[in-house]
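Where a number appears in this text, it was derived from the coordinates with a stated rule and is not lab data. Everything numeric in this text was worked out from a predicted model, so none of it was measured. Positions of Cβ are generated from backbone atoms using ideal geometry, with glycine treated the same way; all protein chains shown enter the neighbour counts.
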Amino acid sequence: MATNTSTVDNGVNVTALLGAREALGKAPEAAQFKWRASCKWVKGTHSRSTIEGYYGLGAEQKHRRAFEFDADHPDVFASEDQGATPVELVLAGLASCLTAGVAAVAQMRQIQLRSVSATLEAGMDIRGILGADADVRNGFDGVKVTYEIDADASPEDIRALVAQSQKRSAVYDILTNPTNVTVEVK
Amino acid sequence: MNDGALRDARRHVAVVVIGAGHAGLAMSYWLSRRGVDHIVLERGEVAHTWKTERWDSLRLLTPNWQSRLPGSSHEEQDPDGFRTMPETVAFLEAYARQVAPPLYTRTRVDAVRPASRGYEVDTDQGSWACDAVVLATGACNRPAIPAVAAALPAGIESVSPLQYRNPDALPEGGVLVVGASASGVQLAEELQAAGRQVTLCVGEHVRVPRTYRGRDIQWWMDATGLMDQRYEELDDLERARNVASLQLAGNPDRRPVDINALSAQGVRVAGRLVGVSQGKLQFSGSLRNVCELADLKLVRLLKSIDEWATARGMNGALPAAERPSPTHVEASPPLILDLARSGIQSVLWATGFRPDYRWLQVPVLDAKGRILHDGGVVRAPGLYVLGLPFLRRRKSTLIDGAGGDAEELSAHLLTHLASAARAVQGA
């Protein structure tokens, strides 16, 4: 662990995070967020999602700009590969969530990060989505995340960073625990 | 003070202590020493919950030497042993005879409410008016059973550790044990050994070895000062107060009861129970990480013990430092289990306990029903609580922790009585 605490800077505003935890613990209404995305079909399996507005801290909020994500299926699915597959976007979501957590926890624990990289792999038996075998599920049969972290900390402290990041990760929770999903048609 | 007006309607006493377990008795000891007029009310007999709400095989998780009650003249025959429940009851009965509190047994408190001065305590044996009340009713009055229990199909028996006595009392067949803290791991082991197929749901837990470098883990935690760590010293008291009980058992042979030991015994290990849907149990996919968190925390504890031993030059006299093998988690732990096909006939909810304050008619509970207090000084003047997790020290829930907490809280209480008396005189 670093001895001079003032030199550790992972670009995470820990004071703000701790302040938010303190304030929202006392005001649970303000802690209620709604995350949103919209999606338009383009052509074939290609669609484009747009993410801009969300709700939180008791008011409508906006990202600095709208973000767009193209999704499609690859050539081997006889598609045009205009974007990553939706399941790959899920992996990107998990990776980004865990990595943000690693940075935040490292800052909290006064660990200077030099580099953090993650590789992800998820197995899937596509007979599930093809409806070829009713016993095969549609989703991943497992997700494997491998981190390589260069930081001013012992290997054990680095493992603890990654473990704590999982404990506080939203996407990790979404993937490891069931969630009710309601899909309606207007 | 006008005692005459009160005498007919109800009795008056300076302090009412509710509960004659180790905490209530320790408080009575300190109140007597400080010359404070008080009574102790007990719904049953001394050590009531130890007698009536514990399973047959349970032993204390702390070695016998670690039940240091204030002023106790108990001479320990087997300091390193672990008391059975009958032995614990006898131990507390002997302490009660020694402390000789002004005790009303078989007196159930129905309500504690604020009065114009102090509190009124209603019981099934009449009422008392008092200036202060000490809640020594414990932290484990009701099982904390998660909402998912309501979704269990009919025909599956639900049991809490407060009701459970022994394997024979459960219906034939497999058992789902939910929770892998002290109660959960002990009951999983006992049921599996009795020939039941146990499935154990494991969320966040605290793994510790029974013995380390030739000494009991409780000895280490006591000697290094961890048990005496005070609530004011912690950065995150909220978290410390919510930490699960240690994965320990007071077995005479000191065998481990961690996940590795249970797996080797044949217990099926799954993640936290997160849902029951259409007769299927759903487990979290986070098993690997909760085991990793526990392993890392364990190594940090053992390291701090090693550093403490090294600093005191004890290494020569101790067996070498060692690290337990990491928790083995199978490659793909179960995520879904069909109840009907699994053979599970009963569910044991080892998911923790909560105090019961239904009789407490003083507005001192938060939105989650927890009592608002600062080291046992409750947010209503003259109200005190004992025996809650990390109340004043890490050991506050242990028999060993009652004395120090009662000593300090009784001192605070004395100051309160003095200022209450001044207020009455001034009025």
**OP:** Could you tell me the largest-minus-smallest coordinate of the C-alpha atoms of chain A on each of the three principal axes, in descending order and whole angstroms?
**Re:** 58, 40, 30
Subject >> segment A:10-84 pair-distance distribution - Cα-Cα, 5 Å bins, rounded % >> reply: 3, 14, 14, 13, 14, 12, 9, 9, 7, 4, 1
Original post:
DSSP beta bridges in segment B:147-349, what fraction antiparallel, as a percent rounded to 5?
Top reply: 35 percent
Original post:
Residues of B:285-296, mean number of Cβ from any other protein chain within 10 Å of their own Cβ, rounded to a whole number?
Top reply: 5
Original post:
For labels at A:D152 and B:D374 in the simple 7 Å Cα→Cβ model, what's the distance in nm?
Top reply: 3.7 nm
**OP:** Tell me, rounded to the nearest percent, the portion of alpha carbon pairs in segment B:315-422 spaced more than 19 Å apart.
**Re:** 68 percent
Subject >> Length added when fully stretched, A:V14-A:S49, from 0.36 nm per residue minus Cα-Cα >> reply: 9.5 nm
Original post:
How would you rank B:404-413, A:103-112, A:82-91, highest first, on the average number of other Cβ atoms within 10 Å across their residues?
Top reply: B:404-413, A:103-112, A:82-91
**OP:** Please average, across the residues of B:332-339, the number of beta carbons from any other chain that are within 10 Å of each residue's own beta carbon, and give a whole number.
**Re:** 1
Original post:
About its Cα centre, how strong a charge dipole does segment B:135-246 have in debye, to the nearest 20, once Lys and Arg get +1 and Asp and Glu get -1 at the Cβ?
Top reply: 180 debye
Original post:
Not counting the cut sites, what is the longest span of chain A without chymotrypsin sites (Phe, Trp or Tyr not before Pro) that DSSP labels loop and that have at most 12 other Cβ atoms within 10 Å?
Top reply: A:36-186
Subject >> Neighbourhood net charge (14 Å Cβ-Cβ; Lys/Arg +1, Asp/Glu -1) for A:L57 >> reply: +2
Subject >> Efficiency of FRET between A:A100 and A:V183 - r from beta-carbon atoms, R0 35 angstrom, step 0.05 >> reply: 0.80
**OP:** Restricting things to alpha carbons, find the Rg to Rh ratio for the protein assembly as shown using the Kirkwood radius for Rh.
**Re:** 1.01
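Rounded to the nearest 5, what % of the DSSP beta bridges within the protein assembly as shown are antiparallel ones?
Rounded to the nearest five, the antiparallel share is 60 percent.
Determine the shielding of peptide A:160-171 by partner chains: average, over its residues, the number of Cβ atoms on other chains within 10 angstrom of each Cβ.
So the per-residue partner count for this stretch is 3.
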Original post:
Could you name the aspartates and glutamates in cross-link range of A:K144, using Cα to Cα under 16 Å and dropping any fewer than eight places away on the same chain?
Top reply: A:E88, A:E121, A:D125, A:D173, B:E292, B:E330
Subject >> Net charge over other residues, Cβ less than 10 angstrom from the Cβ of B:T105 (K, R count +1; D, E count -1) >> reply: 0
**OP:** Counting only C-alpha contacts under 8 Å and six or more residues apart, can you give the relative contact order of chain B as a whole percent?
**Re:** 23 percent
Original post:
Of the listed peptides B:139-149, B:92-102, what is their order by residue-averaged count of other C-beta atoms within 10 Å, with the highest listed first?
Top reply: B:92-102, B:139-149
**OP:** Grab every C-alpha pair in segment B:265-383, bin the distances at 5 angstrom width from 0 up to the longest one, and report whole percents.
**Re:** 2, 8, 11, 11, 9, 10, 12, 13, 13, 8, 3, 1, 0
Subject >> Principal axis dimensions, largest first and in whole angstrom, of chain B by Cα >> reply: 74, 60, 39
Original post:
By the scheme Lys and Arg +1, Asp and Glu -1, what is the net charge of all other residues having a beta-carbon under 12 Å from that of B:V46?
Top reply: +1
Original post:
Pairs A:K167/B:K395; B:K297/B:K395; A:K62/A:K186; B:K297/B:K368; A:K186/B:K280: which are spaced more than 22 Å apart, C-alpha to C-alpha?
Top reply: A:K167/B:K395; A:K62/A:K186; B:K297/B:K368; A:K186/B:K280
Original post:
Scaled to the compact-protein estimate 2.2 N^0.38 Å, what is the alpha-carbon radius of gyration of segment B:147-349, rounded to two decimal places?
Top reply: 1.12
Subject >> Point-charge dipole on Cβ atoms (K/R +1, D/E -1) for segment B:347-417, about Cα centre, debye to 20 >> reply: 260 debye
Original post:
For segment B:65-195, what does the alpha-carbon gyration tensor say about shape, rounded, prolate or oblate, given a ≥ b ≥ c as the root eigenvalues, a/c under 1.5 as rounded, and a/b over b/c as prolate?
Top reply: oblate
